[in-house]
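The structure appears right after this line, and notes come after that.
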Protein chains: 2
Amino acid sequence: MKPVRKSLVGLSLLAPAAVLAKDDKPNIVFFLVDDMGWVDSSVAYGEEVYPNNLRFHTPNMDRLAREGVILTSAYACPVSTPTRTSLLTGMNAAHTGITNWTSTMRDTPSDATGGAVAMETGQIEENTGDRLIRPEWNINGMSPAPGVAHTQYATPLPQLLKDAGYFTIHVGKAHWASAGTPGASPYNMGFVVNVSGNVAGMPRSYQSEENYGNTPEKWNMLAVQNMTEYYGTGVHLTEALTREALKTLEYPIRHGEPFFLYMAHYATHTPIQPDKRFIQKYLDAGMDKGQARYASMVEGVDKSLGDLLDYLKEMGVEKNTVVVFMTDNGGNSENKQKGGVLHTQNKPLREGKGSCYEGGVRVPLMFRWPGRVAPNTRVNTPVIVEDLFPTLLEVAGVRNPRVVQAVDGESLVKLVTKGSEIAAKAAARGEIASQAEANRLVIPAEVSGLDPERVLVLHYPHKWKPYDLADIDYLSAVRKGDWKLVYRMQTGELELYDLSTDLGEQRNLAAEHPEKVKELAAELGSRLRGWKAPMPTVRRTGKPVAMPDELTN
Amino acid sequence: MKPVRKSLVGLSLLAPAAVLAKDDKPNIVFFLVDDMGWVDSSVAYGEEVYPNNLRFHTPNMDRLAREGVILTSAYACPVSTPTRTSLLTGMNAAHTGITNWTSTMRDTPSDATGGAVAMETGQIEENTGDRLIRPEWNINGMSPAPGVAHTQYATPLPQLLKDAGYFTIHVGKAHWASAGTPGASPYNMGFVVNVSGNVAGMPRSYQSEENYGNTPEKWNMLAVQNMTEYYGTGVHLTEALTREALKTLEYPIRHGEPFFLYMAHYATHTPIQPDKRFIQKYLDAGMDKGQARYASMVEGVDKSLGDLLDYLKEMGVEKNTVVVFMTDNGGNSENKQKGGVLHTQNKPLREGKGSCYEGGVRVPLMFRWPGRVAPNTRVNTPVIVEDLFPTLLEVAGVRNPRVVQAVDGESLVKLVTKGSEIAAKAAARGEIASQAEANRLVIPAEVSGLDPERVLVLHYPHKWKPYDLADIDYLSAVRKGDWKLVYRMQTGELELYDLSTDLGEQRNLAAEHPEKVKELAAELGSRLRGWKAPMPTVRRTGKPVAMPDELTN
């Protein structure tokens, strides 16, 4: 059964979409993958090709890389909700106060000290033996309406796009807010259509045989909604969401209205369940069962991307559609279901999801924009998720949007257009002989509008799991140029890394460069103060932990 | 929190909707109430004002009656799904083969012999002592795609409206098909937006305190989806759905695109739970608790209607919007939760939901169409739910729609426009002195295009509950003019009633008018044969029950 194809019959009654489309408002597809690591695709984002780039099979991500620009130094937040709310608000997570994932239920902290709830089990975890106590943070997420307790009030990106005439579509995982608050519904965020998005941060099941969690045995608040047509049909959730997305695109394309598709897959978040269409090759290649399952989920997402790209082409809107591909945080390296050796799966990056080390925050990011972005290019200027907010508004031609929040991000439009042109020209002149050289090409600030030495802040003032994870819990970090400072709030340590020579953050240079430590600590401290960032409390004193710059005086 | 109001700010940027709207494609609001009886509002559809008309408080239904036309002899099917699928296909239920409600789970008959499943409990009910065995019928409902087992394949009404340029919106209860089939999703039926519609025929709970059924204690397949924002907020489901509907209207109104809003409330289906905003007055008036709860649900629906009418006015689209108000079957008279005396709550009509007697099938129906329908009028030409299919297509200016099914319904456009004009003129000339006279005014076929003697078929070849209900189970009926024939398939009896003098179907005139019995039995038999209608099997013989005209030879 292919209702999408069938319904195309009616198209002949109307003018071709390409004729109707408005060039000043390109369509936007924002394709967001969950928990997929930076090295877990055949696209090699790094300076070299890593083992996983050879093990994972993602032909459609490859296609996007060939047709667009890779941003090789792109950052998200360590966990899901902060990335999603930074995207929708343009604010750094330390500024929204949404520094951890939101629970499905309102007023329920998710972090693991002081009565937190575990996403998987829904049970309250108590842990009072820790040195630090979780901060006050916006545990209910973001809100498009003022006056909602424990939320960041903001004008959401899709609302601004809708106000600008866009047909805005949400498919998949929302996870910006908790139940019983306005932010729980994509319809309040400015989406015209919503399929499945709500308060869930993961699916109860990817399997149609389990009705995606909608059975008496499996049900909890994470059961996936809006998917009844696929129950028992053998369709993996990733495929089902893709089919839904294609359906929703029909109306705006037919009517020549610009659309914004926010395609946010639940995959590859836990539960790690096989996508049967793709798993065998990974088992055959000798991957362990967990890794093979995860790899099959990645390829399921890749197939979804390909189906979308094909559909855009088939419908004649490919040339007028900007496609952005991103993931919401680093690969999960603390998940036994996923196989491999814990805490190493994102190598060469250190650690994974939850951490402010590169493995937790460095993410794939690609832009395809026919005629504007030079294909098969790379730019390495560091960028961060809140930059997408002004970027997509600029893409949509929205100038001086009226927003209630103070936006931190900066537009990447010049970087991905003019910056990619510079990269393409350098390649054409034969000045780039290797992937490493491509990644090291500097795009001047005069071209991109972005200072390559711009300060980017990553902040996770939380304990992630009910047990200790020293390289994840209570970290804060700042990147400036090639330098990165990591602040370990539990111990008061400040670590300094030179990412140009030590991407894996293995050689702490703090003792050798005290002035650099002081400089970056000051940058981090001033931002955390200015944003009134959530900071954990020291149990013994009842006072917040020191700001990083208080440790360098 | 009022996100709808807030988001109206952006409207100032665009031209007023009224300017943009296309007069040849009026907007359509189809407002469908569940299980609300014909006498259960302050609108008096009958020839006189009945006690319930004075006990129920529905000021917005009154408003619609003042501003539009009442169709006093309107029929739906005895239960929910057949009405909904007849509406979407234009076919009589005996023709679709969808003569009973569809189970949430695929391939699971809902009727109460031969292994049926109870909607409330989800449990299989066995009953093999009956004389009749349930027929083969399309237990999976309707399908917009061919080749799906046990479904009627059809081109759905919203698909045709979408193809004609309408922005089609589904809010509330869908219930056209079972899980795991395409018909389960409004997105496959031609809806651009869907809020909450799926396979559920009733809500697990109307109460936000119970998350509309989304709790570990309450959950089953009937838990209402897409409502997380209201969990625990005190908002009754009817109100929540209304707010969602208003949100979804914003985009088409802003863009001047014609819209079709299918607003299908779960209320007033079981569970009968109070709408706290309205219950006290009914308790104060001395109603028993069950009746008061039900009345409060009716008034909740009335408030929803009022909010929608207000919104249309506020947005400047009132004059260009056709509003149709209808219910999906008769009031439930076999429901202890609802209070009152069982089997009498629809008096003067006989029986209620499930039955082919008037109490089960005669329903409220009103049209408001400014400038086209004469206000405060009544027409009594008998009409039936499948007529809405060609009617709404004609309203939308869709001529010669390409459909895969054979449509049985006839357009009511002339009846509600020219017919209501005739009624208004008669009233203006002082020719109508009473409600009874208004209801008896004949609209000639030359005006309405509808023969007042047209044959309407009602067919319920099922056992409804696991226990016997003689006035509900296995009935088939035909109305022609003032005459009605009821065929009791269990006993082979044919009953004849003159509705003009015996609306309550108390005086069986079959013995006095054998020729009329023969005539109507022939009409019914030929249609059931032609449509290959599902007929129960006689357990003893293994053969189908006799056709009604086989009993009159």
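The values are calculated or read from the model by the stated rules, or taken from the named source; none is laboratory data. All of these numbers come straight from a predicted model, not from anything done at the bench. Don't worry about glycine lacking a Cβ; one is built from the backbone with ideal geometry, like all the others, and counts go over all protein chains shown. The protein model used for the area step is the full one, side chains on, heavy atoms only, and it has no ligands, DNA or RNA in it. Shrake-Rupley method; radii C 1.70, N 1.55, O 1.52, S 1.80 Å.
Looking only at the range B:232-242, filter to residues that are in contact (Cβ under 8 Å) with a residue 40 or more places away in the chain and assigned to a helix (DSSP H, G or I); which one of those is surrounded by the fewest Cβ atoms within 10 Å (Cβ to Cβ)?
So the residue we want is B:Glu239.
Given the conditions (1) out of contact with any Lys or Arg (no Cβ under 7 Å at 6 or more places or on another chain); (2) assigned to a helix (DSSP H, G or I); (3) over 20 Å from A:Phe389 (Cα atoms), report the number of the one that A:Met36 does not fulfil.
Condition not satisfied by A:Met36: (2).
Note down all Cβ pairs under 9 Å where the first residue falls in the range A:149-164 and is closer than 16 Å to A:Glu394 by Cβ and more than 12 Å from chain B (Cβ to nearest Cβ), the second is open to solvent by less than 40 Å² (accessible area, probe 1.4 Å) and part of a helix (DSSP H, G or I), and they're at least six residues apart or on different chains.
A:Leu157/A:Leu87; A:Leu157/A:Leu88; A:Leu157/A:Thr89; A:Leu157/A:Leu388; A:Leu157/A:Phe389; A:Leu157/A:Leu392; A:Leu157/A:Leu393
Tell me, yes or no, whether the range B:210-231 has at least one residue that is at the interface with chain A (Cβ under 9 Å from one of its Cβ atoms), aromatic (Phe, Trp, Tyr), more than 30 Å from B:Pro146 (Cβ to Cβ) and crowded, with 24+ Cβ neighbours inside 10 Å.
Yes, that holds for at least one residue.
Yes or no, residue by residue, for (1) closer than 28 Å to B:Glu299 by Cβ; (2) part of a helix (DSSP H, G or I); (3) not polar (S, T, N, Q):
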residue	(1), (2), (3)
B:Ala174	yes, no, yes
B:Gly183	no, yes, yes
B:Ala200	yes, no, yes
B:Pro203	yes, no, yes
B:Gln225	yes, no, no
B:Glu229	yes, yes, yes
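Pick from B:Leu349, B:Leu342, B:Leu308: which is assigned to a loop (DSSP other than H, G, I, E, B) and within 20 Å of the chain's Cα centre (by Cα)?
Checking each option against the conditions leaves just B:Leu349.
For the range A:311-337, which positions are assigned to a helix (DSSP H, G or I) and of a type in the set (A, V, I, L, M, F, W, C)?
Listed by number, the list holds a single entry, A:Leu312.
Considering only helices (runs of 4 or more DSSP H) fully contained in the range A:368-448, which possess at least 2 residues that are closer than 25 Å to A:Tyr262 by Cα and either of a type outside the set (Asp, Glu) or over 22 Å from the mean Cα position of the chain (by Cα) (or both)? So that I can check it myself, show each step before the final result.
Details: elements: A:388-395, A:420-428, A:435-440, A:445-448.
Because the criterion is at least 2 residues that are closer than 25 Å to A:Tyr262 by Cα and either of a type outside the set (Asp, Glu) or over 22 Å from the mean Cα position of the chain (by Cα) (or both), the helices (runs of 4 or more DSSP H) in the range A:368-448 that meet it are A:388-395.
Can you name every residue in the range A:353-386 that is in contact (Cβ under 8 Å) with a residue 60 or more places away in the chain, closer than 23 Å to A:Ala445 by Cα and charged (D, E, K, R)?
Kept after step one, since they are in contact (Cβ under 8 Å) with a residue 60 or more places away in the chain, are these residues of the range A:353-386: A:353-370, A:373-386.
Filter once more, so that each one left must be closer than 23 Å to A:Ala445 by Cα: A:362-369, A:373-386.
Listed by number, the residues that qualify are A:Arg362, A:Arg368, A:Arg378, A:Glu386.
Of the residues in the range A:346-381, how many are closer than 20 Å to A:Gly504 by Cα and open to solvent by 10 Å² or more (accessible area, probe 1.4 Å)?
Counting residues in the range A:346-381 that are closer than 20 Å to A:Gly504 by Cα and open to solvent by 10 Å² or more (accessible area, probe 1.4 Å) gives 7.
Scan (1) at the interface with chain A (Cβ under 7 Å from one of its Cβ atoms); (2) β-branched (Val, Ile, Thr); (3) under 20 Å from B:Ser304 (Cβ atoms) for the single condition B:Val199 breaks and write down its number.
(3)
From the set of residues in the range B:109-140 that are among the small types (Gly, Ala, Ser) and surrounded by fewer than 22 Cβ atoms within 10 Å (Cβ to Cβ), which is modelled with the lowest pLDDT? Steps first, answer last, please.
Narrowing the range B:109-140 to residues among the small types (Gly, Ala, Ser): B:110, B:112, B:114-116, B:118, B:122, B:129.
Of the ones still in play, those that are also surrounded by fewer than 22 Cβ atoms within 10 Å (Cβ to Cβ) are B:114-115, B:118, B:122, B:129.
On the way: B:Gly114: 58, B:Gly115: 53, B:Ala118: 60, B:Gly122: 61, B:Gly129: 67.
Residue satisfying both the conditions and the ranking: B:Gly115.
Determine, yes or no, whether B:Glu250 is within 7 Å of chain A (Cβ to nearest Cβ) and either open to solvent by less than 10 Å² (accessible area, probe 1.4 Å) or without any contact (Cβ under 8 Å) to a residue 12 or more places away in the chain (or both).
Numbers: within 7 Å of chain A (Cβ to nearest Cβ): no; either open to solvent by less than 10 Å² (accessible area, probe 1.4 Å) or without any contact (Cβ under 8 Å) to a residue 12 or more places away in the chain (or both): yes.
Taking the combined requirement at face value, the residue does not satisfy it.
Taking B:Ala245 as meeting all but one of (1) more than 30 Å from B:Gly165 (Cβ to Cβ); (2) more than 10 Å from chain A (Cβ to nearest Cβ), write down the number of the exception.
Checking B:Ala245 against (1) more than 30 Å from B:Gly165 (Cβ to Cβ); (2) more than 10 Å from chain A (Cβ to nearest Cβ), the one that fails is (1).
Please determine whether any residue of the range B:430-453 is touching a Gly at 6+ places or on another chain (Cβ under 7 Å), more than 23 Å from B:Arg368 (Cβ to Cβ) and modelled with pLDDT under 95.
Within the range B:430-453, one or more residues are touching a Gly at 6+ places or on another chain (Cβ under 7 Å), more than 23 Å from B:Arg368 (Cβ to Cβ) and modelled with pLDDT under 95.
Using beta carbons and a limit of 6 Å, which pairs, at least six apart or on different chains, have the first residue in the range B:496-508 and closer than 13 Å to B:Gly359 by Cα and among the hydrophobic types (A, V, I, L, M, F, W, C) and the second one part of a strand (DSSP E or B) and open to solvent by less than 40 Å² (accessible area, probe 1.4 Å)?
B:Leu499/B:Lys484
Condition first: more than 29 Å from B:Ala396 (Cβ to Cβ), of a type outside the set (Phe, Trp, Tyr) and either within 11 Å of chain A (Cβ to nearest Cβ) or not in a loop (DSSP other than H, G, I, E, B) (or both). Can you find one or more residues in the range B:271-280 that meet it? Don't jump to the end; show me each part of the working.
Residues of the range B:271-280 more than 29 Å from B:Ala396 (Cβ to Cβ): B:271-280.
Narrowing further to those that are of a type outside the set (Phe, Trp, Tyr): B:271-277, B:279-280.
Narrowing further to those that are either within 11 Å of chain A (Cβ to nearest Cβ) or not in a loop (DSSP other than H, G, I, E, B) (or both): B:279-280.
Yes - at least one qualifying residue is present in the range B:271-280.
Which one is nearest to B:Asn100 (Cα to Cα), of the residues in the range B:452-502 that are open to solvent by 10 Å² or more (accessible area, probe 1.4 Å) and touching a Ser or Thr at 6+ places or on another chain (Cβ under 6 Å)?
The extreme case among them is B:Asp471.
Could you say whether any residue in the range B:537-550 is aliphatic (A, V, I, L, M), free of Cβ contacts under 8 Å to residues at least 40 places away in the same chain and over 26 Å from B:Val39 (Cβ atoms)? Don't jump to the end; show me each part of the working.
Residues of the range B:537-550 aliphatic (A, V, I, L, M): B:538, B:545-547.
This time we only want the ones that are free of Cβ contacts under 8 Å to residues at least 40 places away in the same chain, so: B:547.
Still in the running and over 26 Å from B:Val39 (Cβ atoms): B:547.
Among the residues of the range B:537-550, at least one is aliphatic (A, V, I, L, M), free of Cβ contacts under 8 Å to residues at least 40 places away in the same chain and over 26 Å from B:Val39 (Cβ atoms), which makes the answer yes.
Would you check which residues across the range A:296-311 are buried (at least 22 other Cβ atoms within 10 Å of the Cβ) and either of a type outside the set (D, E, K, R) or free of Cβ contacts under 8 Å to residues at least 40 places away in the same chain (or both) and list them?
A:Ser296, A:Met297, A:Val298, A:Gly300, A:Val301, A:Ser304, A:Leu305
Within the range A:273-289, which residues are within 24 Å of the chain's Cα centre (by Cα) and open to solvent by less than 10 Å² (accessible area, probe 1.4 Å)?
Listed by number, the list holds a single entry, A:Asp275.
Out of the range B:148-191, which residues are of a type in the set (Val, Ile, Thr) and open to solvent by 10 Å² or more (accessible area, probe 1.4 Å)?
Result: B:Val148, B:Thr151, B:Thr155.
Read through the list (1) open to solvent by less than 30 Å² (accessible area, probe 1.4 Å); (2) in contact with a Pro (Cβ under 8 Å, 6 or more places away or on another chain); (3) more than 18 Å from A:Ile384 (Cα to Cα), then give the number of the only condition that A:Ala424 fails.
Of everything listed in (1) open to solvent by less than 30 Å² (accessible area, probe 1.4 Å); (2) in contact with a Pro (Cβ under 8 Å, 6 or more places away or on another chain); (3) more than 18 Å from A:Ile384 (Cα to Cα), A:Ala424 misses just condition (1).
Would you confirm, using the coordinates I've provided, whether A:Ser205 is open to solvent by less than 10 Å² (accessible area, probe 1.4 Å), closer than 27 Å to A:Arg293 by Cα, more than 10 Å from chain B (Cβ to nearest Cβ) and hydroxyl-bearing (Ser, Thr, Tyr)? Quick ask: steps written out before the conclusion?
Details: open to solvent by less than 10 Å² (accessible area, probe 1.4 Å): yes; closer than 27 Å to A:Arg293 by Cα: yes; more than 10 Å from chain B (Cβ to nearest Cβ): yes; hydroxyl-bearing (Ser, Thr, Tyr): yes.
Yes, satisfied.
So which residues in the range A:509-536 are without any contact (Cβ under 8 Å) to a residue 60 or more places away in the chain and part of a loop (DSSP other than H, G, I, E, B)?
Of everything in the range A:509-536, those that are without any contact (Cβ under 8 Å) to a residue 60 or more places away in the chain and part of a loop (DSSP other than H, G, I, E, B) turn out to be A:Leu509, A:Ala510, A:Ala511, A:Glu512, A:His513.
If a residue must be open to solvent by 10 Å² or more (accessible area, probe 1.4 Å) and touching a Phe, Trp or Tyr at 6+ places or on another chain (Cβ under 8 Å), how many such residues does the range B:325-336 contain?
Residues in the range B:325-336 being open to solvent by 10 Å² or more (accessible area, probe 1.4 Å) and touching a Phe, Trp or Tyr at 6+ places or on another chain (Cβ under 8 Å): 1 in total.
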